[in-house]
Amino acid sequence: MKLYIAEKPSMARAIADIIGVIKNNDGYIECKGDSTVTWCYGHLLAQAMPGEYLGVPKGEKERWEIEALPVVPKDWILHPKDAGCNKQLSKIKELVKKSGEIINAGDPDREGQLLIDEVLNYVKYSGITKRLWLLALDRENIEKALKSVQDNKKYYPLMLSALARQRADWLVGLNLTRAFTVKAKKLISVGRVQTPTLKLVVDRDFEIENFVSKDYFLVIADINHKNGSYSGSLKTELLSSGTDEDNRLTEFALANKIVGVVKGKNGIIKDVKKENKKQDPPMPFMLSSLQKYASSAWGWSAQKTLDTLQSLYEKKLTSYPRTDCPYLPEEQYAGAGIIIQNLKNIGFNYSSLDLKLKHKCWNSSKITAHNGIMPTKDTSSYKNLSSDEKKLYDRIAISFFLIFMPPYEYISTTILTDIANYIFETKGLTVVKPGFKEQVKEDETGEKDIKLPEVSAHDAVKCIDSKVESKKTTPSARFTDGTLIDAMSHIYKYIQDPEAKKILKETDGIGTEATRAGIIEELIKRQFTERKGKQIISTALGREIIGYLPETIKNPLMTAKWESYLSEIADGKGNLETFLASQVNFIKDEIENIKKKDIVIASPLASFASKNNKSKSGPACPSCKADLVLLKTKNGKPYFRCFQCKSCFWPDKKNKPGTKWNMI
């Protein structure tokens, strides 16, 4: 029997439909050709907690002690995540025993590779294993993938990369969280991506709140030429004094003096530069660029965009969502016409399409693990989409139409005018062919058709009027989901050190396309940050934590280097043991440093379990008088907890600590 193990039930059903369903059973599907398809529910297995490695008896409460750190497993232990996962694992184990060949049908990324491989390792399977690499769940892509399964050993380095990430996160997160929590006597969550991301938000907020606006001035001249009039702005970078480091004119007296000097004076055109320019339609979306668009256009969180995109993928409407690449495979170019026609059949109507145009996005050599996000040929589920799913799908469809539209062509004109030895610059733009911008107005860059008179170098002109315009410097904007995702992807832009900037520019930033949205949600869940409209703002607790944490933990350079090394492992160039050994050494050093510190977090610890991410500090603990924190159980039942003496209390009728109980 040939057994396919898919990452999730929806993927399993899609594969089974193509193979040919014979019978649906509890936990698996019998198919034609002596094939069976079963599934996971994402990760069925979870890492054991430190207490198990420390020998804490099952059922006994573990006390966190800094002397017990670091916890470094010699043999890593995995357990079923819950009863449902345990049941499915038992079913998979039964099916594996009857199988002569296993096909790993995890998502086409490092996490999907590990997810199935760890199950096979858990059930002690060592037979023939193949890999099904699915980029989309429509019929065409599944049929193509089924014909090109490969030896699963080829993807062993990819699995090692995911395993390295999983174990490093466990080592760093649990050890340092425990160390800081014990010292601060409040739960201080630390993560190798989470913490540098929090620092980005905190730094931006401090920059805004400490920003001192400065005045600067523009000198504008209205200039008359025999063929018409135009305006120019003083080129302040040519001034010998009166400007700041950004060449802004900061002295009003000087600006006013220049106005007086040039007004009414004759001048001459020093230079006229005309350039024919062309702008191609934008590249297809990758996950981060789509998250940035949805955040800006609709105020969506990064997680909402990912979840909605995942739903479209599972409904076979779009390609794989967690991609960090905007390029499309050249072999799919020939079938683009069918996708276009199918989109038109469900109501899309765009003219000026030229299927002979080959946009630069069609380049297989630039595709990493996944291609850019695109519609599939399957549009059968479109009519049943929710409003949000339809909104996102429509935007992906539009991006696909765009790559078959002609480029936007224009003439850029720059005039330099000399009036009384002061140079004024004028920029104009003449649209030659509107191209794709004529069809899709939302993709305009803000450039407008700015008509200028026909002029030539050395033509005589006269300044008929001049004025000073007052301006003020403004701080950077608060982060949104979209701009924070972009900052994580391009972390080098936020680093001052030239050498570090160079290193970070060559990496993929911090986190991955698949994990960044979850990191943002985790920061909000733990109340280190909060959303205010579209903005993501650090809380007092988040700021205190960043203030106390050492630079080695919150600096994105180290995290980015880790991500870079994980990529090396995936490429077969890095070593799992070497990577984990470096993590252990790092943790040991940090714990020794933490032991020497006194950490006092004044901000009340907020609940990270409540549905709306809001909670209040409770009254004093009856046992030790420390502040209690109001939390909720997994079932939503409220309770007070003391993070100093670890006591828990059920609220009484007056919402004060009542019956004491112990958390196991």
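The values are calculated or read from the model by the stated rules, or taken from the named source; none is laboratory data. Just so we're clear, the structure is a prediction, and the values are computed from it rather than from any experiment. Positions of Cβ are generated from backbone atoms using ideal geometry, with glycine treated the same way; all protein chains shown enter the neighbour counts. In case anyone asks, the SASA skips ligands and DNA or RNA and just uses the protein heavy atoms, side chains included. Shrake-Rupley method; radii C 1.70, N 1.55, O 1.52, S 1.80 Å.
For this structure, a couple of remarks:
- Two-decimal Rg to Rh for the chain - Kirkwood Rh, Cα set: 1.04
- Accessible surface of the range 116-193 [probe 1.4 Å, protein heavy atoms]: carbon and sulfur percent: 54
- Compared with the alpha-carbon gap, the fully stretched path from Ile128 to Met1 is longer by 44.6 nm at 0.36 nm per residue.
- In terms of its C-alpha gyration tensor, the range 121-260 comes out oblate, because a/c is 1.5 or above while a/b does not outweigh b/c.
- Among the listed pairs Lys360/Lys573; Lys91/Lys304; Lys186/Lys597, those whose Cα-Cα separation exceeds 24 Å are Lys360/Lys573; Lys91/Lys304.
- Between helix 110-122 and the chain: long-axis angle, C-alpha atoms, 0 to 90°, nearest 10: 10
- Most to least packed among 39-46, 304-311 [average Cβ atoms within 10 Å]: 304-311, 39-46
- Looking at the range 395-549, the accessible area is 46 square angstrom per residue; that uses a 1.4 Å probe and ignores ligands, DNA and RNA.
- For the set Trp133, Trp170, solvent exposure ranked by accessible area (probe 1.4 Å, protein chains only) runs largest to smallest as Trp133, Trp170.
- With R₀ fixed at 41 Å, the C-beta to C-beta distance from Val432 to Ile22 puts the FRET efficiency at about 0.10.
- Across the chain, the relative contact order, built from alpha-carbon pairs under 8 Å that are at least six residues apart, equals 16 percent.
- For the range 369-509, carbon and sulfur atoms together expose 48% of the accessible surface, with a 1.4 angstrom probe and every protein chain in place.
- Potential lengthening of the chain between Asn575 and Glu469 amounts to 32.1 nm, from the contour at 0.36 nm per residue minus the alpha-carbon distance.
- Among the protein heavy atoms, those of Thr515 account for about 60 Å² of accessible surface (1.4 Å probe, every chain in place).
- Taking N as its residue count, the alpha carbon Rg of the range 473-552 over 2.2 N^0.38 Å: 1.17
- Looking at the range 1-152, the DSSP beta bridges with both ends there are about 50 percent antiparallel.
- Beta bridges per DSSP, both residues in the chain: antiparallel share near 85 percent.
- Net dipole in debye of the chain [+1 Lys, Arg Cβ; -1 Asp, Glu Cβ; about Cα centre; nearest 20]: 1980
- Averaged per residue, the range 240-309 has 52 square angstrom of accessible surface, using a 1.4 angstrom probe with ligands and nucleic acids left out.
- Point-to-point label distance, Asp307-Glu30, nm (Cα→Cβ direction, 7 Å offset): 3.8
- Across the range 1-58, the mean sequence separation of Cα contacts (distance under 8 Å, 6 or more residues apart), normalised by length, yields a relative contact order of 36 percent.
- Cross-link partners of Lys654 among aspartates and glutamates, defined as those whose alpha carbon lies under 18 angstrom from its own and excluding same-chain residues fewer than eight positions apart: Asp627.
- Peptide ranges 280-293, 174-187, 549-562 listed from the most packed, as the mean C-beta count within 10 angstrom indicates: 280-293, 174-187, 549-562
- Ellipticity estimate at 222 nm from DSSP helix runs (n ≥ 4, -39,500 (n - 2.57)) divided over the chain, nearest 500: -11000 deg cm²/dmol
- Distance-filtered residues of the range 1-27 - backbone nitrogen under 13 Å, label point 7 angstrom along Lys87 Cα→Cβ: 26-27
- The packing ranking of peptides 116-127, 191-202, 649-660, highest mean first, is 191-202, 116-127, 649-660, where packing means the average number of other beta carbon atoms within 10 angstrom of each residue.
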